[in-house]
Amino acid sequence: MLQTLPAPHAPKLLSWYDRHHRELPWRVSPAAAKAGKRADPYHVWLSEVMLQQTTVQAVKSYFAKFLTLWPKVTDLAAAPVEDVMAAWAGLGYYARARNLKKCAEAVAAKHGGVFPDTEEGLRALPGIGGYTSAAIAAIAFNRQSAVMDGNVERVISRLHAIDAPLPGSKPLMKAKVAELTPSDRPGDFAQAMMDLGATICTPKRPTCALCPFRDDCLAFAEHDPESFPVKAAKKEKPVRFGAAFVAVTPEGEALLKRRIESGLLGGMTEVPTTAWTSRVDGGTTADHAPFPAGWEACGTVTHVFTHFELRLSVFRALTEKVAVDDGWWEPVTNLETQALPTVMKKAIAQAIPRAFEKHPN
DNA sequence: GATCCGTGGCG
DNA sequence: TCGCCAAGGAT
């Protein structure tokens with residue numbers, strides 16, 4: 001079959017981007033970019049890490065909060081890691097926060113507080129992988145790097161009607177992205193591809209009528225863009241069970257502890273729990289409470305993680321302030337300042353329904 | 001390459 | 001209601 005000459009994809013997309021780009025707090029407009037203005041590498045890095053597997057809407061308030069708390073990367077490098085974890089609480093994938101802090105420290109200590117301006121230099125930093133290094137290099141430094149995230153995978157798989165399943169087809173798609181990426185305005189091109197995927201070439205019901213690639217898109221020509229990208233079948237989530245114990249003193253203090261640095265919810269704050277096992281009888285009673293008290297069952301909470309579902313039986317007790325060697329007693333009015341992941345907030349709210357109401361200062 | 005890592009919104 | 005999915009990285 002004869003191969004047609006490559007259509008001028010990049011200019012079409014950039015022209016679309018000039019008119020339809022999203023305006024986001026960490027961006028500079030295409031007009032400003034054409035005049036040579038670049039986004040602050042610290043802002044680009046912070047937003048890119050927050051945006052890993054996370055929606056723009058969820059990121060916006062966290063991005064603003066972090067810039068208020070730590071205006072420069074050197075401020076973040078000097079911050080207590082507990083403060084960073086607490087500020088990140090609720091955003092998920094907490095290894096990102098631990099690596100964010102490590103990365104800021106590395107930039108401050110090894111690079112004089114200035115981000116490396118190459119893909120390779122960025123890739124060597126904690127929490128910066130193949131996607132993020134390419135994105136920062138393109139967006140902050142206008143490097144001609146091939147940027148491929150989930151949006152770009154969708155656009156590319158449709159444009160070329162790639163029917164090999166992800167993730168095996170990633171190298172092929174990456175090659176197609178590299179082929180498409182222009183030397184002129186590579187940063188805007190990367191952002192344009194992601195904007196196209198986020199607003200036009202959406203997973204469901206793409207708006208092909210408005211797409212600058214409509215006349216070039218093989219999936220559109222085949223009348224079935226929604227069937228791309230093809231993905232490998234996923235396995236079902238197992239269910240795990242456990243119990244959570246919310247102890248409160250008459251003075252209104254709750255017992256908290258810190259999880260180990262690695263693994264699930266690493267370094268975050270929790271209430272005492274049993275181990276989370278696949279068996280119902282592994283910890284749904286008060287038998288394994290941290291200490292004897294008048295433990296009272298107050299229902300269950302369910303939380304779905306990436307690879308399993310957790311059902312926690314919640315117990316509460318009004319107790320005296322017993323001495324604990326691996327935790328501390330925190331005023332309930334102060335819980336909002338703690339690095340509590342969502343599942344722990346659910347458990348505490350189950351035991352103390354008004355725990356997370358706003359308190360007057 | 002496969003597995004582990006959160007969360008909230010949406011159709 | 002519930003499966004899907006969102007600017008992935010580390011091991």
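The values are calculated or read from the model by the stated rules, or taken from the named source; none is laboratory data. Note that the structure is predicted; figures quoted are calculated from it, not measured. Every residue, glycine as well, gets a Cβ built from its backbone with ideal geometry; the counts of neighbours run over all protein chains shown. Calculation scope for accessible area: heavy atoms of the full protein, side chains included, ligands and nucleic acids excluded. Shrake-Rupley method; radii C 1.70, N 1.55, O 1.52, S 1.80 Å.
Against the conditions (1) open to solvent by less than 80 Å² (accessible area, probe 1.4 Å); (2) of a type in the set (D, E); (3) over 17 Å from A:G90 (Cα atoms), A:D287 satisfies every one except (1). Within the stretch A:44-84, which residues are of a type in the set (S, T, N, Q) and under 15 Å from the mean Cα position of the chain (by Cα)? The answer is A:S47, A:Q52, A:Q53, A:T54, A:T55, A:Q57, A:S61. Applying the criterion of being free of Cβ contacts under 8 Å to residues at least 60 places away in the same chain and closer than 19 Å to A:A87 by Cβ to the residues of the stretch A:305-344, the residue that is farthest from DNA strand B (Cβ to nearest atom) is A:N334. Go through the residues of the stretch A:154-167 one by one and say whether even a single one is β-branched (V, I, T) and either outside any helix (DSSP H, G or I) or open to solvent by 20 Å² or more (accessible area, probe 1.4 Å) (or both). Yes, the stretch A:154-167 has at least one match.
From A:V49, A:V107, which residue is in contact with a Lys or Arg (Cβ under 6 Å, 6 or more places away or on another chain), touching a residue at least 12 places away in the same chain (Cβ under 8 Å) and not acidic (D, E)?
Testing whether each residue is in contact with a Lys or Arg (Cβ under 6 Å, 6 or more places away or on another chain), touching a residue at least 12 places away in the same chain (Cβ under 8 Å) and not acidic (D, E) leaves just A:V49.
Tell me yes or no: at least one residue of the stretch A:214-221 is part of a loop (DSSP other than H, G, I, E, B) and surrounded by 15 or more Cβ atoms within 10 Å (Cβ to Cβ).
Taking the stretch A:214-221 as the starting set, the residues that turn out to be part of a loop (DSSP other than H, G, I, E, B) are A:217.
The next check asks that each one be surrounded by 15 or more Cβ atoms within 10 Å (Cβ to Cβ); those that pass are A:217.
Within the stretch A:214-221 (the criterion being part of a loop (DSSP other than H, G, I, E, B) and surrounded by 15 or more Cβ atoms within 10 Å (Cβ to Cβ)), the answer is yes, since at least one residue qualifies.
Which of the residues spanning the stretch A:315-334 are hydrophobic (A, V, I, L, M, F, W, C) and at pLDDT below 95? Listed by number, the residues that qualify are A:V322, A:A323, A:V324.
Within the stretch A:103-123, being within 9 Å of DNA strand C (Cβ to nearest atom) and open to solvent by 40 Å² or more (accessible area, probe 1.4 Å) holds for one residue alone: A:R123.
Restricting attention to the stretch A:197-210, which residues are within 20 Å of the chain's Cα centre (by Cα) and either buried (at least 23 other Cβ atoms within 10 Å of the Cβ) or not in a helix (DSSP H, G or I) (or both)? Full working, then the answer.
Within the stretch A:197-210, the first condition is being within 20 Å of the chain's Cα centre (by Cα), and the residues that meet it are A:197-199, A:202-203.
Scanning the stretch A:197-210 gives A:T202, A:P203.
When A:P250 is tested against (1) open to solvent by less than 50 Å² (accessible area, probe 1.4 Å); (2) closer than 28 Å to A:V322 by Cβ, only condition (1) is not met. Would you check if A:E296 is modelled with pLDDT of 95 or more and farther than 20 Å from A:E82 by Cα? In short, yes.
All conditions in (1) modelled with pLDDT under 90; (2) open to solvent by 80 Å² or more (accessible area, probe 1.4 Å); (3) touching a strand residue (DSSP E or B) at 6+ places or on another chain (Cβ under 6 Å) hold for A:N361, with the sole exception of (3). So is A:W276 within 14 Å of DNA strand B (Cβ to nearest atom) and not β-branched (V, I, T) or not? In short, yes.
Table: residues versus (1) farther than 15 Å from A:A289 by Cβ; (2) open to solvent by 80 Å² or more (accessible area, probe 1.4 Å); (3) among the hydrophobic types (A, V, I, L, M, F, W, C).
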{"site": "A:L312", "(1), (2), (3)": "no, no, yes"}
{"site": "A:E320", "(1), (2), (3)": "no, yes, no"}
{"site": "A:V324", "(1), (2), (3)": "no, no, yes"}
{"site": "A:N334", "(1), (2), (3)": "yes, no, no"}
{"site": "A:K345", "(1), (2), (3)": "yes, no, no"}
{"site": "A:I352", "(1), (2), (3)": "yes, no, yes"}
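Residues in the stretch A:150-172 that are more than 19 Å from A:P212 (Cβ to Cβ) and touching a residue at least 12 places away in the same chain (Cβ under 8 Å): A:G150, A:I162, A:D163, A:A164, A:P165, A:L166, A:P167, A:G168, A:S169, A:K170.
Could you say whether any residue in the stretch A:297-308 is open to solvent by 80 Å² or more (accessible area, probe 1.4 Å) and away from DNA strand C (no atom under 16 Å from the Cβ)? Scanning the stretch A:297-308, I find no residue that is open to solvent by 80 Å² or more (accessible area, probe 1.4 Å) and away from DNA strand C (no atom under 16 Å from the Cβ), so the answer is no. Of the residues screened, A:L265 is one that is open to solvent by less than 40 Å² (accessible area, probe 1.4 Å), at positive phi and of a type outside the set (G, A, S). For residues that are at pLDDT 95 or above, in contact with a Lys or Arg (Cβ under 6 Å, 6 or more places away or on another chain) and within 16 Å of DNA strand B (Cβ to nearest atom), tally how many sit in the stretch A:151-200. Selection size over the stretch A:151-200: 1.
Working only within the stretch A:224-257, note down all residues that are of a type in the set (K, R), touching a residue at least 12 places away in the same chain (Cβ under 8 Å) and within 14 Å of DNA strand B (Cβ to nearest atom).
To start, the set of residues in the stretch A:224-257 that are of a type in the set (K, R) comprises A:231, A:234-235, A:237, A:240, A:257.
If we keep only those that are touching a residue at least 12 places away in the same chain (Cβ under 8 Å) too, we end up with A:231, A:237, A:240, A:257.
Within the stretch A:224-257, A:K231, A:K237, A:R240 meet the criteria.
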